[in-house]
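Here is the structure we will look at.
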Amino acid sequence: MRDVLEARLLATVSRLAGPVRGAGVVLISLFGAFSVSSPLGWWLFAAVAVSTVADFRLPRIALPVAFLRVVVLSVLLGADADQWVLTVLTTTLITWQWQWPLRVTIPATAALLAVQVVTTGPAVLVRAVLESVLARLAYELLRRSSRRVDQLRERAAERDVAAAVALDQSRREREYLALLHDTAAATFLMAAHGGNPADVAAQARRDLVVLAERDVPGTVDLGAALTAVSLDSTVRVRVDASVVPVPAGVALAFVRAVRELLANVERHAGTGEASVSVTAGRGAVVVVADRGRGFVVDEVPEHRRGLRGSVVGRLEAVGGTAVVESGAGGTVARLEWSRTADDASSGVGGGVGPGDGASSEGGARPDDETRPGGEVQPRRGTQPAHADPSRPDLAAPDTSQSTPTPPATDQAVFTTTRQVLLVVVSAVQLVLTLPSLVSHPHAPPAYLAYALLTAVLATVAGQVAAHTPTRAALAAAPLAASVLATTALPPGASFGPADWAFGLVGWYLLLVLFDKPAAFVGALTAHLCFSVAWFAHGGGGDVGTAGVVILSGTSFQVGVLVITRVLERDARLAAEAAAALDAARTKEVLARRREQDLRAGFEGQLGALLPLLADLADERVGADEPDTRLRCSVAAVQLRRLFAENDDVPDPLLHELTACVDVAERRGVVVSLAVSGTATPVPTEVRRELVAPMAQALAAATGRAKVSLLRTATEVRVAVVADARRALPESHDTSAVSVETSVHSGLVRSEARWRTT
Amino acid sequence: MADDVTAVVVDDHPVVRAGVAHWLSTAGVELVASGEEPEVAWSGPGATADVVVLDLHLGGVAPATSELRKLVENGRRVVVYSMRADDEIVLQCLEIGALSYLTKAEGADHLVQAVRAAAEGQSYTPPALAGALAGDRSETRPALSPRETEVLVEWFQSESKEFVAQRLNITLSTVNSHLERIRVKYAAIGRQAPTKAALVARAIQDGLIGLDDL
């Protein structure tokens with residue numbers, strides 16, 4: 001997956017560099033030998049041809065062979081064939097840059113240039129160094145561009161994976177919700193209807209087994225669960241609970257253990273007060289403490305049995321530990337459970353606590369306390385799929401990874417290329433061709449051609465400045481200039497020092513047509529053919545030098561064209577990758593948000609409801625008690641609202657209200673629902689706060705209730721007026737929603753208000 | 001005095017007509033005509049009935065607002081009786097000049113009170129209509145005082161004026177005059193209609209509302 005495009009580009013360039021050098025050198029030497037037309041020339045051509053075996057086949061010795069080749073040519077030919085030697089030299093230097101790293105090419109280039117300066121003088125230096133630097137720059141430019149595409153693609157792929165993980169998690173939790181619907185919700189409704197207590201208890205026991213078996217990591221908020229247990233206790237309990245999501249089976253073990261510990265406080269400690277704290281740690285840490293009279297753990301048989309079976313055994317069965325210390329200052333029980341690699345599969349049936357007391361102190365503790373706390377260690381339990389939703393990197397789009405700049409479009413690449421070409425063409429025209437034009441006897445049309453080309457330069461410069469496109473038809477002007485300038489040359493001067501226009505027209509064609517490769521190649525070929533035809537018409541001349549000039553001139557222009565095309569392709573791929581990244585990121589954020597909404601809903605709800613289900617299963621409460629029926633009624637409405645929250649409907653608030661009304665009606669309450677105003681978007685957490693008081697009052701209603709939803713321009717108000725006498729929602733004023741409850745002539749009115757603006 | 005009130009019912013469901021007839025007769029309102037076509041309110045005994053109880057959906061899908069308009073423009077006192085409770089239609093009927101708007105979910109009690117009030121040329125605001133007024137977001141809605149809004153909302157939420165009076169610590173008649181004042185404010189906006197003009201004129205005459213409040 002990693003660096004695909006960059007690796008492929010590097011491999012291609014370094015593989016082709018040798019053959020390109022080999023082919024180029026052979027061609028140049030062929031023309032060079034023609035030009036020299038001496039036996040020495042032909043021998044040298046043969047030697048060069050043989051040496052290219054190294055370029056094509058033997059990359060290991062290709063560098064020294066190429067080095068020697070240039071030195072031999074340079075020493076033996078000297079200044080006689082400066083075009084030949086110079087072109088072989090530059091070809092060698094350019095292709096080296098593509099094939100080897102800088103630490104190889106810099107010393108090799110320096111050594112070769114030193115030899116060259118000694119044999120032919122310093123005239124070559126400027127051109128050789130300049131072309132080497134340009135070759136290296138072009139190479140690095142392509143490399144960086146490809147790397148950027150790779151990075152974007154990789155990030156998009158990572159996000160795609162993250163989105164898939166989040167979606168999968170969301171799907172699993174929805175399945176769990178469906179399970180809850182079939183189990184706990186049905187049981188609560190049955191109890192609320194006044195079902196047979198024994199049947200309700202049996203069903204609650206079956207529910208607990210099913211819920212614990214199908215553990216989704218972190219489905220129950222242990223904090224909410226133990227808060228509910230504490231509130232239900234006859235002992236006054238000070239609760240300090242954070243949100244700690246754990247599997248349902250683990251939560252159940254804690255609920256039963258803490259229930260037992262609080263019962264012990266009530267029975268034996270001689271104090272009416274205790275404290276319960278719930279913290280996350282590496283899983284969950286619960287401390288139940290009292291300042292009662294304490295006891296010596298091993299000396300109290302009754303305590304031993306209760307603690308062993310109900311506390312230590314239960315925790316061990318889900319892979320946790322329990323340590324109870326007691327003394328004159330009171331009793332402290334520390335219950336711990338750690339998230340481990342296979343916490344997803346550990347349920348209530350995960351193991352049976354051994355009957356022996358020694359094992360609780362043994363090495364079975366999943367997390368050795370001597371391990372350094374700050375250690376950053378990848379744990380399967382904290383993979384993204386299981387991670388705490390409050391982690392900011394999962395909760396929100398990661399801004400640190402956002403694309404630094406908008407993806408470059410083809411147009412941006414083209415504009416930049418055209419600007420660079422403008423500079424190059426201006427420089428070539430002024431610095432190189434103008435002296436050549438004025439220092440040789442040209443016919444008048446040559447000056448017309450020069451003026452024509454200057455006009456093209458001005459036109460393109462104007463278009464670039466005004467951000468208007470350059471038309472292909474403009475290429476007709478350089479072609480016309482080609483004809484004018486070529487025909488105006490002194491006799492036999494084609495491709496010689498007086499031929500100022502040959503290379504320049506090629507650059508002009510590139511300037512106008514580089515974004516249309518086929519048109520460029522066609523126009524360049526036409527220009528070339530006319531120049532060659534004129535050369536032949538004039539009786540030919542130094543064919544070899546002409547060939548070298550044509551080769552070195554056109555190869556540069558074609559090279560620029562190739563680089564532009566690659567850059568343009570990269571820009572397009574980068575834009576695509578950036579779009580894919582955006583899409584994946586959006587998908588992930590949506591999935592995460594949905595998952596979080598879902599979780600925040602049922603972790604807390606199930607946490608609060610699990611103790612009630614456990615009480616029903618353990619027959620600590622019976623469905624024949626009015627109090628229990630009321631609690632079950634509230635639980636049924638809450639669960640129903642939770643399910644409704646996850647339905648995808650146009651008016652979720654009304655949908656959730658209707659769901660609660662539906663449960664109350666099934667209980668035999670006559671409910672009328674009135675709605676006014678148009679649907680307004682309400683955030684999930686606000687919706688929860690708006691619906692909860694109504695759901696609570698409705699669950700307590702005995703005969704009639706009126707539920708109303710009013711949406712004005714500035715407010716959303718949910719109200720219930722019911723004949724409920726107990727378990728009334730408390731008035732409060734959170735940051736977003738204010739709840740007001742009051743009782744008048746036997747009717748309770750509870751209203752939740754949220755200001756939309 | 002109550003026995004003097006006469007009404008005509010236009011509804012395409014025989015069961016509804018029978019139900020309404022029964023409710024009105026037990027409350028001492030004389031039903032002089034009923035039928036499924038609006039013609040019953042224009043000819044025979046129906047033409048002189050004090051109040052027209054008009055079903056807004058006479059068989060068709062489109063609400064019979066043009067029928068309502070014709071009746072109102074002729075000075076008839078109309079109570080709209082409808083299956084539909086969309087706020088938009090409710091507000092539109094008030095704008096045309098209906099004295100009350102009842103949904104069929106609202107029982108006999110509200111219908112009787114609405115008909116009695118209409119016979120006097122007065123408005124009646126049942127809870128659903130109060131909800132529609134409280135949720136009104138239109139640009140042209142009249143400015144209500146905070147107290148008026150609160151009465152409107154509480155009435156919508158509880159359906160019990162005694163409950164509203166207790167909650168807000170006011171008398172029952174204060175609750176009613178708040179509701180009336182709200183309706184007068186609504187009558188003062190939009191299209192002219194004889195019933196609306198009468199509502200406003202009487203409110204000013206009785207000192208229920210000042211010109212400045214409109």
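The values are calculated or read from the model by the stated rules, or taken from the named source; none is laboratory data. Everything numeric in this text was worked out from a predicted model, so none of it was measured. As a convention, Cβ positions derive from the backbone with ideal geometry for all residues, glycine included, and neighbour counts pool all protein chains shown.
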Scope the stretch A:511-539; condition among the hydrophobic types (A, V, I, L, M, F, W, C), exposed (fewer than 14 other Cβ atoms within 10 Å of the Cβ) and under 29 Å from A:Gly462 (Cβ atoms); matching residues: A:Ala518
Selection from the stretch A:629-652 of residues that are under 39 Å from the mean Cα position of the chain (by Cα) and closer than 23 Å to A:Gly607 by Cα: A:Gln638, A:Leu639, A:Arg640, A:Arg641, A:Leu642, A:Phe643, A:Ala644, A:Glu645, A:Asn646, A:Asp647
Selection count, the stretch A:562-593, where residues are farther than 28 Å from A:Phe520 by Cβ and of a type in the set (Ser, Thr, Tyr): 1
B:Asp136, sole failed condition from (1) within 13 Å of chain A (Cβ to nearest Cβ); (2) touching a Lys or Arg at 6+ places or on another chain (Cβ under 8 Å); (3) in contact (Cβ under 8 Å) with a residue 40 or more places away in the chain: (2)
Enumeration of residues in the stretch A:735-757 that are surrounded by 18 or more Cβ atoms within 10 Å (Cβ to Cβ) and of a type in the set (Ser, Thr, Tyr): A:Thr741, A:Ser750
Qualifying residue in the stretch B:50-68 (condition: surrounded by fewer than 15 Cβ atoms within 10 Å (Cβ to Cβ), part of a helix (DSSP H, G or I) and charged (D, E, K, R)): no
Some residue of the stretch A:721-728 being at negative phi, assigned to a strand (DSSP E or B) and more than 9 Å from chain B (Cβ to nearest Cβ): yes
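In the list B:Gly46, B:Gly97, B:Gly19, which residue meets the criterion of being at pLDDT 85 or above and at positive phi? Working first, answer last.
Working: B:Gly46 fails: at positive phi; B:Gly19 fails: at positive phi.
Matching residue, one of B:Gly46, B:Gly97, B:Gly19: B:Gly97.
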Any hit, the stretch B:171-184, residues being in contact with an Asp or Glu (Cβ under 9 Å, 6 or more places away or on another chain) and of a type in the set (Gly, Ala, Ser): no
Unmet requirement for A:Val161, which otherwise passes all of (1) β-branched (Val, Ile, Thr); (2) farther than 18 Å from A:Leu642 by Cβ; (3) buried (at least 17 other Cβ atoms within 10 Å of the Cβ): (3)
Hits in the stretch A:650-683 - residues which are within 14 Å of another protein chain (Cβ to nearest Cβ) and either charged (D, E, K, R) or assigned to a loop (DSSP other than H, G, I, E, B) (or both): A:Asp651, A:Gly677, A:Thr678, A:Ala679, A:Thr680
Residue in the stretch A:105-113 that is assigned to a helix (DSSP H, G or I) and within 30 Å of A:Ala157 (Cβ to Cβ) present: no
Candidates B:Asp109, B:Asp136 - the one that is among the acidic types (Asp, Glu), assigned to a loop (DSSP other than H, G, I, E, B) and within 30 Å of B:Leu208 (Cα to Cα): B:Asp136
Any chance A:Arg136 is at pLDDT 80 or above and among the basic types (Lys, Arg): yes
The one condition in (1) touching a residue at least 60 places away in the same chain (Cβ under 8 Å); (2) part of a helix (DSSP H, G or I) that A:Ala164 fails to fulfil: (1)
Looking only at the stretch B:148-198, and only at residues there that are over 19 Å from B:Ala118 (Cα atoms), free of Cβ contacts under 8 Å to residues at least 60 places away in the same chain and outside any helix (DSSP H, G or I), the one that is nearest to the other protein chains (Cβ to nearest Cβ): B:Glu159
Selection count, the stretch B:1-42, where residues are of a type outside the set (A, V, I, L, M, F, W, C) and either under 15 Å from B:Val112 (Cα atoms) or in contact (Cβ under 8 Å) with a residue 40 or more places away in the chain (or both): 13
Scan of the stretch A:684-717 for residues that are away from chain B (no Cβ under 14 Å) and either hydroxyl-bearing (Ser, Thr, Tyr) or more than 21 Å from A:Ser731 (Cα to Cα) (or both), ordered by number: A:Thr684, A:Thr702, A:Gly703
From A:Ala269, A:Ala251, residue being within 38 Å of the chain's Cα centre (by Cα) and of a type in the set (A, V, I, L, M, F, W, C): A:Ala251
Among (1) of a type in the set (Gly, Ala, Ser); (2) within 14 Å of chain A (Cβ to nearest Cβ); (3) surrounded by 20 or more Cβ atoms within 10 Å (Cβ to Cβ) - the single one B:Gly46 does not satisfy: (2)
Which listed residue is within 14 Å of chain A (Cβ to nearest Cβ) and part of a helix (DSSP H, G or I), from B:Ala128, B:Ala114, B:Ala143, B:Ala201: B:Ala128
